[in-house]
1. Could you grab the pairs with beta carbons closer than 9 Å, sequence gap of 6+ or different chains, first residue in the stretch 159-188 and closer than 11 Å to residue 222 by Cβ, second one open to solvent by 40 Å² or more (accessible area, probe 1.4 Å) and part of a loop (DSSP other than H, G, I, E, B)?
2. Go through the residues of the stretch 32-54 one by one and say whether even a single one is in contact with a helix residue (DSSP H, G or I) (Cβ under 8 Å, 6 or more places away or on another chain), under 23 Å from residue 129 (Cβ atoms), open to solvent by less than 50 Å² (accessible area, probe 1.4 Å) and at pLDDT 85 or above.
3. When residue 78 is evaluated against the numbered criteria (1) open to solvent by less than 50 Å² (accessible area, probe 1.4 Å); (2) in a loop (DSSP other than H, G, I, E, B); (3) at pLDDT below 85, which criterion, by number, is the only one it fails?
4. For a quick check of your reading of the model, give me the residue pairs whose first member lies in the stretch 39-60 and is closer than 27 Å to residue 103 by Cβ and in contact (Cβ under 8 Å) with a residue 12 or more places away in the chain, whose second is open to solvent by 90 Å² or more (accessible area, probe 1.4 Å) and not in a strand (DSSP E or B), with beta-carbon atoms closer than 6 Å and at least 6 apart or on different chains.
Amino acid sequence: MTSRRTPRLADAAEIAAEQSLTSAQITNLYNKRAENGFPEIADMRRRARLWDHAAVTQWFAQRKLARITDHTPPSRDPEDLLNAADASRFLGYKNISQVNNFLRDHPGYFPDPDVVEEMGSPDRPYRRKLWRVQTLLAWQESRPGSGQHLGSTRNAPALPDVPVDGDPGELLGASQAAALLGYKSVGSFSSSLAQGNLPLLQTPDALTEKGGRRRWTRERILEQAARRKPRK
């Protein structure tokens, strides 16, 4: 017989501290649970309400996602690199620590950083995590509860017209690669690249000096495009 997991319980004070709220606000959310779906209490201890910690954490996570469903990120170069605070703002979160909270509290939910920079001194080293705009857009389109699927083109900017007969050695960016490969958006291209569907492009031919934006030669992109075509 399989034993049931004993949930970790938390009171209003602990939940409030984690969510940057007050105990009174937690009580108010509970009192309005018929309207907002806040979890029922799991137990009582010395007249204090106790909740299943995992259930409450999940409720707050879904609530935060719902708040930014209609958020449209500002227009930026898909190859721009953003740190955790800037990524939080870009995705529409008021809490600039939200991305770090995802990484800490929900492993595997948020994408790994595209670049990790070793910073500081030998005595006090630290690591700076950076995400490309296209990685953030691809996650936003496919995250749970978004109502979107990988490859969605909601609010996607038009891709440029890129000639196939240009200089084979010319270095092209993500939007140009997406156009040559037949994708409808940079987000679709980024998702496919991250999933390993474009093996010839996994390693870029160059990185720009400013921002570390990836570049590929037209020749390699076209070779990858030829491999994507269905066989007759």
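The values are calculated or read from the model by the stated rules, or taken from the named source; none is laboratory data. As the structure is a computational prediction, the values presented were derived from the model and not from experiment. Neighbour counts run over all protein chains shown; Cβ positions are idealised from the backbone, glycine included. The protein model used for the area step is the full one, side chains on, heavy atoms only, and it has no ligands, DNA or RNA in it. Shrake-Rupley method; radii C 1.70, N 1.55, O 1.52, S 1.80 Å.
1. Between residues of the stretch 159-188 that are closer than 11 Å to residue 222 by Cβ and residues that are open to solvent by 40 Å² or more (accessible area, probe 1.4 Å) and part of a loop (DSSP other than H, G, I, E, B), the close pairs are 180/164.
2. No: the stretch 32-54 contains no residue that is in contact with a helix residue (DSSP H, G or I) (Cβ under 8 Å, 6 or more places away or on another chain), under 23 Å from residue 129 (Cβ atoms), open to solvent by less than 50 Å² (accessible area, probe 1.4 Å) and at pLDDT 85 or above.
3. Condition not satisfied by residue 78: (3).
4. Pairs that qualify, where the first residue is closer than 27 Å to residue 103 by Cβ and in contact (Cβ under 8 Å) with a residue 12 or more places away in the chain and the partner is open to solvent by 90 Å² or more (accessible area, probe 1.4 Å) and not in a strand (DSSP E or B), are 53/8.
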